[in-house]
Structure formats: structure tokens, C-alpha cells
Amino acid sequence: MSRNNGQTRVLVTGASGYLATHCVQQLLDDGYLVRGTVRNLSNTKKIKPLHELRHAKERLELVEADLTQPETWPNAVANCDYVLHVASPFPVVADDSVVKIAVDGTLNVLKACAKASSVKKIVLTSSCASVNEGHDDENRIFNEDDWTDVNSPKVLPYSKSKTEAEKAAWDFVENGITVDENHFKLTCLNPTLIVGPVLMDTQGTSITVVRRFMNNEMPAVPALQLALVDVRDVAKAHISAMTNPKTDGQRILVTAQPSYWFLDISKILAKEFRHQGYWLPKFQVPYPILWVYSIFDSQAKQILERVNRKIRFDNSKAKELLNMEFTNPERSLIEMVYSMIERGILPKKSGYKPAQLDKEPHNSHL
Ligand code: NAP
């Protein structure tokens, strides 16, 4: 049911991405006018799923904009009331080039908003990667007071890009807007690894991680732990932060609990999918083998620092300020895989049976 008067326009940057498509869908369902940016309007594979969203015909408009092209943002933000800045480079293995694109891109969006009098607030998708990386006491529980130490050699380019982009945004809001420009509010959200149903057909990092469990791409799993959060919860957090003044000027971790080892994730998926014909890894890779492998493989090298490390975040601020009740990530993982099979990202094995999940509750107050 529509909760909006159909007059409020929200810009979603990187609209065709995994998280952004859920933001667009929830905004459309809530009755907002939505403008989404994409890099190339003639890229049918990315655009078609957006046109297929509920209410897209009535209220979704797409425009081209690129983080690396400052001149594309004034038109994109024009006449928007709110901006969800979700776009950021997020390749599976990132090199240092992502830092400049994320920082400059964020500033390009924010600078355009400072010149557009209509924009009241920006919600920026940061990440837990800008909270807990590069610390010696890395097993402690991290909260919003913590920042990734970008000077640590352990910190990977993606984490650096998210940390630097978030810091640049806070600095711009505090020091970069002149008196006669538009002083919009900012909230930064810091999700952990996002999982849950897929509404698009391309494969970003979350989808690649889960695909590897299901598709015979990992003979055994590394001893890695992940904090997870449902994609619908992250989208909901963006939309509620947008109009919630209590979140102005706040960064907020968005994560369910507890964290899961890769082997736990494999067991959760195996329980649902092994009898349907999907092979899932049963064992953990011993550290020395991973170390040797990392000499030859850049992805193994990037994860070596994280092996055997516990990941723990405090999600009380999201519960308090945004009233979040987090979906059980076990359910999100299973729904994600069913959606990946239905969209052809994973093969339909002969024993496959479509999901029968609809009647169960999504939230389990985690
Ligand atoms: P995604 O599917 O890869 O989406 C990223 C989006 O950013 C895509 O729409 C992409 O556009 C856009 N983008 C990248 N470079 C761009 C550029 N130069 N100009 C314009 N747009 C550009 O990834 P996602 O998982 O949805 O991530 C969305 C946001 O959440 C990112 O900011 C990411 O850092 C953050 N995040 C994600 C997770 C997670 O687990 N997935 C966790 C924490 C935070 P194209 O489609 O044209 O490439």
C-alpha cells in the first residue's frame, strides 16, 4: 500500500545493482517517484529487471550518470527531495583504482546536491568495511565509533575505498558547503555482507560469494567468518533513515547477528539444497594449504589476513534509531539461492524443487 503522496522524488544512484534494485522496489511500493541512475541506458541486461519492478511503469525514471563524470550529476539530482547514494565500485577483487572512483564519485554526487536546493537529505551506503579493518584487537565487538585504519597494510583497496569515501562525505557536509549553498542532512549506513533474494541478472560480489558455495567452485571452504544482513532489511534501513531526523548526522551499522563461518553457511545451504542435487563443500581448508595457494591466486591472497578471525558488530543503534528487526540470515541465504536458480544465475538441477517459503515469517528478532 502506498505510504507516500506520489510527489516526493528520490534519486537512487547505481539503480541496477543488487542492493539498489531493492531500494527502488521498496520506494516504488511506498508510492515515491523514483529516479535511478545507470551508466548506460542501452545495457538491456541491467535495465530490463528495473522496468520489470512493481509500479516501475508509473513512477520510475532512469537517467545516465557515472561516478567518474562530475558533469552527469547536476541533472541527475535536479528536483529530487532525497538521494540514496548506493553506487560504488564493488568488484570481487579490487585494485587501488576503486579508492579514487569511490571518493571522487561520492564528492561528485554531494557537490551536485549542495547546488540543488531541493535535496533535503542523502543516505550514503557505506560498509562495515569502513569500521573494523586494520585493527590489532580485531576480535572485539566493533561499533559506530570505530573506523578502519587505512594506514594498516592489512586493509584491502575495497575497504579503503569505503572508508575514504565515507570520511570524504562527512568532511564535505561539515566543511565543504558554502553559506549560500544547500545544507542537506547526511546519514551513512554500514551494512555487513548483504544476502537475500536477487531482483537483477548481473553478478556482483554478494552473488558471486554465494554462487561459489553452490556451483562446485570451492572444493573446501576457508576458515572465514562473515556478518550477514538481508538485502530487504538494508533497503528498508535506507528508506527509513531518509525521513527519520533522529538519524541525521549518524553512521549506523546494519547487520543481523550472529556471524557465520563459511562452513556454517555451507551446512545451512546443504540442508536445503544437497538433496536437490547441489554439491556443497563439507570441509574447511587448512591454513597452510591456503597460504601456499595464495602465492598463485590473488583472491586467496586477499582473504589470507582474515582467516580464523571472528567478526563481531554491535547492531543496537540500528534497532534503536531505525526500529530494525533483522531477518534471520539463514532464511535470507536460502531465499537468495532460490532466486539465483530461478533467474538462471545457478543451474536448475534435475532434483530441483521451487521454493515453498512464502508462508513463513521473515523476521526472527535477531
Ligand atoms: P553491485 O550490485 O555491484 O552494485 C554497485 C552499483 O554501483 C552498480 O549499480 C554499479 O553500476 C554502480 N557503479 C559502480 N561503479 C560505478 C561508476 N563508476 N559510476 C556509476 N555507477 C557505478 O553491488 P551491491 O552489493 O549492490 O553494493 C551496493 C552498495 O552497497 C555499494 O556501495 C557497496 O559498497 C555497498 N555494500 C555492499 C555490501 C554487500 O555485501 N553487497 C555490503 C556492504 C556495503 P553498474 O551496474 O553499471 O556496474
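Numbers below:
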| read-out | value |
| --- | --- |
| Base-10 log of normalised Debye intensity for the range 134-256 (one unit scatterer per alpha-carbon) at q = 0.15, 0.17, 0.18, 0.21 Å⁻¹ | -0.92, -1.13, -1.22, -1.42 |
| Sequence-separation-based contact order of the range 1-62, relative, with Cα cut under 8 Å and 6+ spacing, percent | 37 percent |
| Counted charge near SER294, where neighbours are those whose Cβ lies closer than 11 Å (Asp, Glu -1; Lys, Arg +1) | -1 |
| Proximal aspartates and glutamates to LYS121, defined as alpha-carbon separation beneath 16 angstrom and excluding residues fewer than eight positions away on the same chain | ASP81, GLU166, ASP171, GLU174, GLU181, ASP248 |
| Three-way shape call for the range 236-344 based on the alpha-carbon gyration tensor, with the a/c threshold at 1.5 | oblate |
| On Cα atoms only, tilt of 157-171 relative to the major axis of the chain in degrees | 30 degrees |
| Helix-derived mean residue ellipticity, 222 nm - over the chain, DSSP H n ≥ 4, -39500 (n - 2.57), to 500 | -11000 deg cm²/dmol |
| Helix axis angle, 262-273 relative to the chain longest principal axis, alpha carbon, degrees | 80 degrees |
| Summed side-chain charge close to LEU33 - residues other than LEU33 whose Cβ falls under 10 Å, Lys, Arg +1, Asp, Glu -1 | 0 |
| Entries in LYS301/LYS349; LYS46/LYS246; LYS46/LYS282; LYS48/LYS348; LYS310/LYS348; LYS46/LYS310 that, when Cα-Cα distance is taken, lie over 29 Å | LYS301/LYS349; LYS46/LYS246; LYS46/LYS282; LYS310/LYS348; LYS46/LYS310 |
| Leading residue at positive end of dipole, the range 92-211 (Cβ point charges), from SER127, TRP170, MET200 | MET200 |
| The range 221-286 versus the range 330-356: alpha-carbon centroid distance in Å | 17 Å |
| Ordering of 13-21, 322-330, 72-80 by burial proxy (mean other Cβ atoms within 10 Å per residue, highest first) | 13-21, 322-330, 72-80 |
| Percent RCO, i.e. relative contact order, over the range 130-249, from Cα pairs under 8 Å lying at least 6 residues apart | 22 percent |
| Taking the chain and dividing mean pair separation by its residue count, relative contact order in percent (alpha carbons under 8 Å, at least six apart) | 17 percent |
| Cα centroid separation, the range 98-141 to the range 41-82 (Å) | 20 Å |
| Dipole magnitude of the range 175-274, debye to nearest 20 (Cβ charges: Lys/Arg +1, Asp/Glu -1, about Cα centre) | 360 debye |
| 0 to 90° range, to nearest 10: angle between helix 287-296 axis and the chain longest Cα axis | 60 degrees |
| Residue among PRO91, SER118, VAL103 farthest towards the positive dipole end of the range 85-128, charges placed on Cβ | SER118 |
| Among beta bridges that DSSP assigns inside the chain, antiparallel share in %, nearest 5 | 10 percent |
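Read-outs throughout are calculated quantities, based only on the coordinates presented, and are distinct from any laboratory measurement. Computed from a predicted model, the values in this text were never measured in an experiment. Positions of Cβ are backbone-derived with ideal geometry, glycine not excepted, and every protein chain shown enters the neighbour counts.
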